[in-house]
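In what follows, a structure is listed as structure tokens, so that the remarks can point back to it.
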Amino acid sequence: MSTTQQASDQATPSPARPARIDTRLEVIVIPVSDVDRARRFYEGLGWRLDADFSGPADYRIVQMTPPGSPCSVIFGTGVTSAAPGSGQGLVLVIDDLEAARADLIAHGAAVTEIFHDGFHPAGTIGRVPGPDPERRSYYTFAAFRDPDGNEWLLQEIRTRLPGRVESYEGADDAATLTQLLRETETRHGAYEATAPTHHWSEWYAAYIVAREHGRTADEAAGEAARHVDRARR
């Protein structure tokens, strides 16, 4: 057998799968007409001032960060061509909407009444007064505008859906993972009662991956069962 034949008979190694590149959103730009006024407004809300510096040709940049946010905002002169006040659908996620609304009002923001029925960043059409009747996470909102009219939405999220948190480094992520594992345990218990012999890890892994990709609990259970079936074959 030739060297060429021996090489062709060997299994071709699978190409290395590239590592995922983290792409973290950390800054957004909002258009304002009066930089000092905007800075006073956001400082009044308790936002942290990170930078305020000027450059040539009337260039100025201000960076501020909402409390607890990994993402900051930038505004100034010469930083965007967007019309002042044209920012819409800027979402601030909070745990307790009533408390956050009361705090913002106390610090000078004109916050709307609480509303629900979906995400409507382009206007008030479709907003239903009051909180979501079932008080589900993601469904209850309030809104306010800065002096230029840029609109911020307050979105109440008390419990994140599985798959909406990509890493489990912090306490909140650990709580999300705990919730997902308990859900997986419950679903697997129902499956195991009538399932063929299998290792629980096969079902768990497939279920968790499916949930993290946005599948419903029923869809994830179906995918997990099919995965076990393929593994047995």
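Computed from the coordinates by the stated procedures, all read-outs in this text should not be read as laboratory data. Computed from a predicted structure; not experimentally measured. All Cβ positions, glycine included, derive from the backbone under ideal geometry; neighbour counts span all protein chains shown.
Once backbone amide H atoms are built at 1.01 Å from N, His198 has no partners under 5 Å, excluding neighbours fewer than 5 places away on the same chain. Our summary of shape: the Cα atoms of the range 29-94 have principal axis extents of 39, 22, 19 Å, ordered from largest down, in whole angstrom.
Taking every DSSP beta bridge that has both ends in the range 27-156, the antiparallel portion is near 75%. A simple count of charges around Arg60, restricted to other residues whose Cβ falls under 11 Å of its Cβ and scoring Lys, Arg +1 and Asp, Glu -1, yields -2.
For the range 27-156, the Kirkwood hydrodynamic radius comes to 15.4 Å, computed from all pairs of different C-alpha atoms.
Each peptide in 142-148, 221-227, 52-58, 107-113 was scored by the mean count of other Cβ atoms within 10 Å over its residues; highest first, the order is 142-148, 221-227, 107-113, 52-58.
In this structure, the amide hydrogen of Ser72, modeled 1.01 Å from its nitrogen in the peptide plane, lies closer than 5 angstrom to those of Val27, Ile28, counting only residues at least 5 positions away or on a different chain.
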